[in-house]
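For reference, the structure is listed below as structure tokens.
The values are calculated or read from the model by the stated rules, or taken from the named source; none is laboratory data. Bear in mind that the values here come from a model prediction, so they are computed numbers and not experimental data. Here Cβ is always computed from backbone atoms with ideal geometry, including for glycine, and neighbour counts include all displayed protein chains. The accessibility values were calculated without ligands, DNA or RNA, using every heavy atom of the protein model including side chains. Shrake-Rupley method; radii C 1.70, N 1.55, O 1.52, S 1.80 Å.
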Amino acid sequence: MSYIDGFVIAVPNANREKFIEHARTFDVIFMEFGAIRIMECWNDDVPEGKVTDFRRAVQATADESVVFSWVEWPDKAARDAGMKKIMEDPRMPGMGDMPFDGKRMIFGGFVPVVSLPE
């Protein structure tokens with residue numbers, strides 16, 4: 001079964017196109033090193049919660065949007081090997097400044113327990 005890396009970030013609305021360009025450049029490297037699918041999703045219907053919500057999770061301000069992203073790998077071993085290659089890739093330092101505050105990013109690796117269609 002596949003393995004998923006998930007990410008949630010706050011991106012300044014003024015940086016939307018910079019973010020898309022950054023993601024297109026960066027995501028190619030993930031695919032090159034074994035990712036099988038990547039989704040970068042700009043907020044559209046993100047309700048405010050009473051206790052917590054996506055915006056609070058990343059401390060998004062009024063002039064920021066929430067981006068929800070995931071990378072699908074064939075399995076955890078492929079992810080671990082791919083991430084090692086990504087971190088060692090000489091293109092990485094030249095990727096420039098991120099168009100968002102990386103300190104507020106939340107992320108993690110996940111093992112799917114239900115996947116449809118199977």
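Computed values, structure above
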| quantity | calculated |
| --- | --- |
| Probe 1.4 Å, all protein chains present, accessible-area order of 63, 44, largest first | 44, 63 |
| Whichever lysines have a C-alpha closer than 26 Å to that of residue 50, once near sequence neighbours (fewer than 8 apart) are set aside | 103 |
| Relative contact order %, the chain, counting alpha carbon pairs below 8 Å whose residues are six or more apart | 50 |
| Cα-based reach from residue 85 at 22 Å (exclusive), listing lysines while leaving out same-chain residues under 8 positions away | 76 |
| Residue with peak Gaussian network fluctuation, the chain [Cα springs, cutoff 10 Å], from 77, 62, 14 | 62 |
| Cα-projected label distance for residue 114 with residue 46, points at 7 Å along beta-carbon direction, nm | 2.5 |
| Net dipole in debye of the chain [+1 Lys, Arg Cβ; -1 Asp, Glu Cβ; about Cα centre; nearest 20] | 280 |
| For segment 1-103, alpha-carbon Rg and Dmax in angstrom | 14.7, 45 |
| Residue 69 accessible area, assembled protein chains, probe 1.4 Å, Å² | 10 |
| GNM flexibility winner over the chain from 87, 98, 31 (Cα, springs under 10 Å) | 87 |
| Residue 84 versus residue 104: modelled label distance in nm, points set 7 Å from Cα along the beta carbon direction | 3.5 |
